[in-house]
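Written below as structure tokens is the structure these notes are about.
The values are calculated or read from the model by the stated rules, or taken from the named source; none is laboratory data. Keep in mind that what you see is a predicted model, and the values were worked out from it rather than measured. Every residue, glycine among them, receives a Cβ derived from its backbone with ideal geometry; neighbour counts consider all protein chains shown.
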Amino acid sequence: MSIKSCVMNRCSAAVLLVASLALLASGGGAHMRAEGSGQACVLAPGDLTVDDLPAGSSVTRCGAVGRLVTHAGVGLTVPEPGTKVSVDALTADGTTHGFTLAVAADGTVSYAYDDATHATEGAGARLTAGNRSGAPSPCADTAYSTADRKEYGTYQWFVGDGPQPGDLPRREVRQAFEEAIATIIHGRNDCGLDDTIRAKARFLSATGREAGIDPQARCTGRDGLSVWDAGDLSSDSVATTCSWSRPVFRGPDRLLEADVRFNIHDYRFTNSPSGACDGSYDIRSVATHEAGHVFGLGHAGAGHENLTMYANSFACSTTARTLGRGDVLGLRSLY
């Protein structure tokens, strides 16, 4: 007997419960869509995928706030209504790993996926991933992408008090981070482009709090502090940035918090690469790329390997310490 016919015939509550449990156990996906505006949906336990919580779902009816949603090897913890969260991973092979989960004020979910091939293209771009010699020079490449968010005030940030990239003293690492952030907010470049970017940042202090990023490079949640630290990430992520923002009428979202973590479990870092570099990543180059994400830049994809916002900073290289033309144009479009 179906649940519907059982209700019409006034079956006992026990029979209805057994029938409902059988329906859930029968499969058909982790997510049951509600048909009526007042009904709830059911989510299976454990990590969810974007298919389990598809666009258009309600996080309030589904009880999804605080649940982890994964896609293509990265993940996001569902934030409260009226909030957007993004994850961006810098990878060793230049592949893009990232996506954005937005929850509207009414609780409706929507997604955006990191597809750097949609970057505004510079002249002469070639789509051969990882081929720096075949890509335009930094000052000739006008490609950029943005994440539709910005820091409207002053980005105030902390450094974690745990292990540091390259096993360097925290003070030296903090100075490298400060230089990297300054490169972004002042648009430092070797292309002769003036600083017209109006962005601000201020370092506050060391903290015992950690970046809201777990060992699988997934955004775990917002705690109100923007923390830069180091630790374990998924093996393909050299560094990861998690950003939280809220909508602004007729403007990019307002940045609420942005955390950055360097992967010191799988990669080596140095503040002074040399000719005898052992495959280490330059701290300032990686930090400049991550600071670009903090201030709203997306990845530049294949064919744009000489830009700072290409998805790989390249081991033993310091070229990403200064911005290319496309990087500057992207920041100018926001600030």
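One residue stands out among those in region 97-114 that are under 18 Å from V74 (Cα atoms) and of a type in the set (S, T, Y): the one that is surrounded by the fewest Cβ atoms within 10 Å (Cβ to Cβ), which is Y113.
The strands (runs of 3 or more DSSP E) falling completely within region 1-95 that include 2 or more residues that are among the polar types (S, T, N, Q) and at pLDDT 50 or above map to 83-91. For G166, state whether it is in contact with a strand residue (DSSP E or B) (Cβ under 8 Å, 6 or more places away or on another chain) and either outside any loop (DSSP other than H, G, I, E, B) or of a type in the set (G, A, S) (or both). Spelling it out, G166 is indeed in contact with a strand residue (DSSP E or B) (Cβ under 8 Å, 6 or more places away or on another chain) and either outside any loop (DSSP other than H, G, I, E, B) or of a type in the set (G, A, S) (or both).
One line per residue, one yes/no per condition, for (1) without any contact (Cβ under 8 Å) to a residue 60 or more places away in the chain; (2) under 26 Å from P215 (Cβ atoms); (3) not basic (K, R):
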position	(1), (2), (3)
T270	no, yes, yes
P273	yes, no, yes
G279	yes, yes, yes
L323	no, no, yes
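The set of residues in region 96-117 that are hydrophobic (A, V, I, L, M, F, W, C) and not in a loop (DSSP other than H, G, I, E, B) comprises F99, L101, A102, V103, V109, A112, A116.
Scanning region 117-146 for residues that are in contact with a strand residue (DSSP E or B) (Cβ under 6 Å, 6 or more places away or on another chain) and modelled with pLDDT under 95 gives A119, T120. One residue stands out among those in region 191-209 that are over 21 Å from P169 (Cβ atoms) and small (G, A, S): the one that is farthest from the chain's Cα centre (by Cα), which is G192.
Do the conditions hold for G251, that is, is it at pLDDT 95 or above and surrounded by fewer than 17 Cβ atoms within 10 Å (Cβ to Cβ)? The answer is no for G251. What do you reckon, is G303 more than 15 Å from the chain's Cα centre (by Cα), small (G, A, S) and closer than 13 Å to R132 by Cβ? Answer is yes for this residue.
Condition test on V227, is it over 28 Å from G153 (Cβ atoms) and either surrounded by 18 or more Cβ atoms within 10 Å (Cβ to Cβ) or of a type in the set (S, T, N, Q) (or both)? Answer is no for this residue.
For region 96-110, taking the residues that are within 14 Å of the chain's Cα centre (by Cα) and of a type in the set (A, V, I, L, M, F, W, C), the one that is modelled with the lowest pLDDT is identified as F99. Residues of region 255-289 that are part of a strand (DSSP E or B), crowded, with 24+ Cβ neighbours inside 10 Å and either over 19 Å from the mean Cα position of the chain (by Cα) or β-branched (V, I, T) (or both): V260, F269, Y281, D282. Checking region 320-334 against the condition returns a match, with at least one residue being part of a loop (DSSP other than H, G, I, E, B) and farther than 18 Å from R261 by Cβ.
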